[in-house]
Amino acid sequence: MFWHQEIETLHRPALDALQLERLRETVRRLERVPFYRGKFLKTGIQPEDIKSAADIRRLPFTTAADLRENYPDGLLAVAREEVLRLHTSSGTTGKPKALFFSRRDVDTAAELIARAVCMTGVTRRDVFQNMMSYGLFTGGLVMHYGAEKVGCLVIPAGPGTSERQLLLMQDFRTTVIHILPSYALYFADFLEKKGIDPRKNLALRKAFVGAEPHTEETRRKIEEALGLDVYNSYGLTEMNGPGVAFECEGKCGMHLWEDNFVLEIIHPATGEPVDDGQTGELVLTSINREAMPLLRYRTRDLTSIIPGPCACGRTHRRIHRITGRSDDMLIVRGVNIFPQQIERVLMAMPQIGRNYVIQLEGLDDMTVKVELSPAGFDGEVGHLTELQNQVAEKLRAEIWIRPKVELVACGSLPVAEGKAKRVIDKRSL
Ligand SMILES: [Zn+2]
């Protein structure tokens with residue numbers, strides 16, 4: 001199903017031409033922003049110099065640090081009275097990153113969500129419970145407006161308690177949820193403890209998950225536990241929030257809306273482009289924004305372009321699920337490790353539960369604490385030791401070092417209110 005079939009299936013040459021035109025327009029717009037004007041003057045680049053897609057490489061990168069240094073409104077490209085909305089993204093350190101929306105930007109953001117919602121088969125007959133936090137975080141409001149545009153009944157539940165979420169689901173027969181993957185796993189445990197079988201007692205049929213990188217194994221675990229189809233999504237505050245890239249019904253990578261964003265994948269260290277299919281850092285240029293477009297924004301998210309056309313007919317290229325952040329990489333005993341590698345191993349083991357923490361201590365000691373699944377332990381201590389060894393061995397095969405593994409009771413690890421904190425680094429390095 002299409003929200004805007006013409007643009008979603010636009011022939012590649014026409015899409016490329018549209019991108020180029022919008023990119024030039026964006027550079028022209030950014031000549032008003034002192035930060036970018038300074039950079040253009042330094043390199044002598046003019047909007048007319050952008051003649052092909054490859055010319056984007058003549059433009060400067062923008063980094064998270066640039067956003068912080070220009071906080072609060074140094075990168076604003078329109079008059080203050082043109083701004084309708086503000087969202088921020090809270091970093092782990094220092095000032096937040098602020099992003100402004102004009103009226104058209106608010107509409108466009110909703111339009112991109114509407115496309116995504118429709119392509120998974122959601123219609124105006126659906127009841128959409130948005131369990132993401134409302135407020136400065138984009139996952140609440142931006143998604144809300146998009147689902148409303150499609151005509152769904154939208155329940156702005158926010159991240160309330162599981163009891164309240166369940167009550168809303170039961171009373172209003174919720175069919176679609178928007179949820180953090182870590183919370184979806186926790187919520188499945190909650191239903192299990194309450195003796196509620198979502199297949200029989202609830203009307204859920206689809207879930208949009210995002211805002212946290214997660215693995216294919218986690219998707220399968222959520223689908224199995226909640227009895228619904230899970231679609232992956234990608235977004236970031238700097239590019240509107242959710243709605244940058246979404247999966248279609250094929251669930252084979254996320255279509256990135258290329259009429260709105262120019263997509264590049266680069267080697268994080270050299271800044272040079274990598275080949276299709278190769279993993280690198282995603283770099284995005286917003287080419288359809290008024291209030292605060294960004295050129296070649298270094299997302300730090302690692303992904304790859306999936307080569308070839310998609311069976312759904314959309315011409316916008318697909319990216320692979322995010323496999324990590326270039327800043328998330330842990331270096332343990334000289335080995336590069338991504339937390340997602342550990343998650344992939346854990347989620348593929350049926351005896352293992354849904355919550356885990358990676359703890360780093362001392363010089364370079366790694367402990368993986370993981371919950372057992374409710375049915376994972378039969379009371380035999382010997383079996384527990386055996387399972388512990390099994391997990392440690394599987395992890396060693398994946399990450400090359402053998403961490404200490406602690407199996408803990410289901411429900412005993414802390415559950416995050418927002419994004420899950422999976423790594424606790426207390427090393428004295
Ligand atoms: Zn597709």
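The values are calculated or read from the model by the stated rules, or taken from the named source; none is laboratory data. Here the structure is a predicted model, which means the values were calculated and not measured. Neighbour counts are summed over all protein chains in view; Cβ atoms, including those assigned to glycine, are modelled from backbone coordinates with ideal geometry. Ligands, DNA and RNA are stripped out before the accessible areas are found, and what is left, the full protein with its side chains, is counted by its heavy atoms. Shrake-Rupley method; radii C 1.70, N 1.55, O 1.52, S 1.80 Å.
Details
- The residue list D259, D197 contains one member that is among the acidic types (D, E) and either more than 30 Å from V283 (Cα to Cα) or touching a Ser or Thr at 6+ places or on another chain (Cβ under 8 Å) (or both), which is D197.
- The set of residues from the stretch 303-323 being more than 7 Å from the ligand (Cβ to nearest atom) and part of a loop (DSSP other than H, G, I, E, B) comprises S304, P307, G308, P309, G313, T315, H316, R317, H320, R321, I322, T323.
- Enumeration of residues in the stretch 332-367 that are part of a helix (DSSP H, G or I), open to solvent by 10 Å² or more (accessible area, probe 1.4 Å) and within 21 Å of L384 (Cα to Cα): E343, R344, V345, M347
- In the stretch 134-163, the residues that are in contact with a helix residue (DSSP H, G or I) (Cβ under 6 Å, 6 or more places away or on another chain) and among the hydroxyl-bearing types (S, T, Y): Y134, T138, Y145, S162
- The set of residues in the stretch 132-148 being touching a residue at least 40 places away in the same chain (Cβ under 8 Å) and open to solvent by 30 Å² or more (accessible area, probe 1.4 Å) consists of S133, L136, F137, L141.
- Matching residues, the stretch 199-252, being within 16 Å of the ligand (Cβ to nearest atom), open to solvent by less than 10 Å² (accessible area, probe 1.4 Å) and outside any strand (DSSP E or B): C248
- Residue match in the stretch 389-409 (condition: open to solvent by 50 Å² or more (accessible area, probe 1.4 Å), modelled with pLDDT under 90, assigned to a loop (DSSP other than H, G, I, E, B) and under 23 Å from P213 (Cα atoms)): yes
- Boolean, H255 is assigned by TED's automatic domain parsing to the domain that holds T62, within 16 Å of the ligand (Cβ to nearest atom) and under 21 Å from the mean Cα position of the chain (by Cα): yes
- Selection status of T315, assigned by TED's automatic domain parsing to the domain that holds T215, at pLDDT 90 or above and touching a strand residue (DSSP E or B) at 6+ places or on another chain (Cβ under 7 Å): no
- In the stretch 1-114, counting only helices (runs of 4 or more DSSP H) that sit wholly within it, none holds 3 or more residues that are of a type in the set (G, A, S).
- When residues of the stretch 109-140 are limited to those that are among the aliphatic types (A, V, I, L, M) and either over 18 Å from N288 (Cα atoms) or modelled with pLDDT under 95 (or both), the one nearest to the ligand (Cβ to nearest atom): M119
- Condition met for F128 (open to solvent by less than 20 Å² (accessible area, probe 1.4 Å), free of Cβ contacts under 8 Å to residues at least 60 places away in the same chain and over 26 Å from D328 (Cβ atoms)): yes
- Matching entry among T161, T138, T237, T123 (being within 24 Å of P374 (Cβ to Cβ) and in the same structural domain as L302 (by TED's automatic domain parsing)): T161
- Some residue of the stretch 280-300 being over 30 Å from R104 (Cα atoms) and either open to solvent by 10 Å² or more (accessible area, probe 1.4 Å) or not in a strand (DSSP E or B) (or both): no
- For the stretch 11-50, a residue qualifies if it is of a type in the set (D, E) and in contact (Cβ under 8 Å) with a residue 60 or more places away in the chain, and exactly one does: E25.
- Taken together, R296, R289 contain a single residue that is more than 16 Å from the ligand (Cβ to nearest atom), touching a helix residue (DSSP H, G or I) at 6+ places or on another chain (Cβ under 8 Å) and farther than 23 Å from S326 by Cα, which is R289.
- Selection status of A53, assigned by TED's automatic domain parsing to the domain that holds G140, surrounded by 16 or more Cβ atoms within 10 Å (Cβ to Cβ) and in contact (Cβ under 8 Å) with a residue 24 or more places away in the chain: no
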